[in-house]
Ligand code: ZN
């Protein structure tokens, strides 16, 4: 029991660190796509901005977030920007699917490599169904923003 409670504590610290000082928070200088997510149950509002690479490589050069949200939502958004900035769109879509699977309790080992250790800290959220939407909100907004990008050439 001690092991699992100290693990929970560690996870809570990871979540608090990210929510208090979210990465990539604030407007981007140049924006190729924007989407917003709103969770009326909790009041979370997250705006996701994307900038793609200029060399037609279809990388997400930068993912930025703005808004006001609870600690779970903000931490999830912060980790998402770290996971997806500088990665390809395909990679990011995989991470979105994997994170969704993680929270919806699908046990399948293959997706774990798509997620960072920090993101795994959010796995505990799945025990609180009302908060799953908080954690997923920024990822759904990222998906909406990606969907607005022009088709791959
Ligand atoms: Zn929330």
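The values are calculated or read from the model by the stated rules, or taken from the named source; none is laboratory data. Just so you know, these numbers come straight off a predicted model, no measurement behind them. For neighbour counting, all protein chains shown are included, and Cβ atoms are generated from backbone atoms with ideal geometry for every residue, glycine included.
Give me the residue from segment 26-41 that is part of a strand (DSSP E or B) and more than 16 Å from the ligand (Cβ to nearest atom) and, out of that set, farthest from residue 61 (Cα to Cα).
To start, the set of residues in segment 26-41 that are part of a strand (DSSP E or B) comprises 33-39.
Keeping just the survivors that are more than 16 Å from the ligand (Cβ to nearest atom) gives 33-35.
Numbers: 33: 12, 34: 14, 35: 16 Å.
Step by step, filter segment 26-41, then rank; the result is 35.
Mind checking which residues of segment 39-66 are within 14 Å of residue 135 (Cα to Cα) and free of Cβ contacts under 8 Å to residues at least 60 places away in the same chain?
40, 43, 45
Which residues, taken from segment 88-106, are touching a strand residue (DSSP E or B) at 6+ places or on another chain (Cβ under 7 Å) and surrounded by 17 or more Cβ atoms within 10 Å (Cβ to Cβ)?
We begin by selecting, within segment 88-106, every residue touching a strand residue (DSSP E or B) at 6+ places or on another chain (Cβ under 7 Å); these are 88-89, 92.
Hits for segment 88-106 are 89, 92.
What pairs come out if I take residues in segment 114-127 that are free of Cβ contacts under 8 Å to residues at least 12 places away in the same chain and pair them with residues that are surrounded by fewer than 19 Cβ atoms within 10 Å (Cβ to Cβ) and not in a loop (DSSP other than H, G, I, E, B) whose C-beta lies under 9 Å away, six or more apart or interchain?
Once the first residue is free of Cβ contacts under 8 Å to residues at least 12 places away in the same chain and sits in segment 114-127, its partners that are surrounded by fewer than 19 Cβ atoms within 10 Å (Cβ to Cβ) and not in a loop (DSSP other than H, G, I, E, B) give 117/14.
Given the criterion assigned to a loop (DSSP other than H, G, I, E, B), in contact (Cβ under 8 Å) with a residue 40 or more places away in the chain and out of contact with any strand residue (DSSP E or B) (no Cβ under 7 Å at 6 or more places or on another chain), identify the matching residue among 19, 76, 23. Steps first, please.
On the way: 19 fails: assigned to a loop (DSSP other than H, G, I, E, B); 76 fails: assigned to a loop (DSSP other than H, G, I, E, B).
Unique residue meeting the criteria: 23.
For residue 44, state whether it is modelled with pLDDT under 95 and either within 12 Å of residue 137 (Cα to Cα) or more than 15 Å from the ligand (Cβ to nearest atom) (or both).
Working: modelled with pLDDT under 95: no; either within 12 Å of residue 137 (Cα to Cα) or more than 15 Å from the ligand (Cβ to nearest atom) (or both): yes.
No: the conditions fail for residue 44.
Being within 16 Å of the ligand (Cβ to nearest atom) and either surrounded by fewer than 20 Cβ atoms within 10 Å (Cβ to Cβ) or in a strand (DSSP E or B) (or both) is the filter here, so list the residues in segment 50-73 that pass it. Lay out the reasoning, then the answer.
Kept after step one, since they are within 16 Å of the ligand (Cβ to nearest atom), are these residues of segment 50-73: 65-73.
65, 66, 67, 68, 70, 71, listed by residue number.
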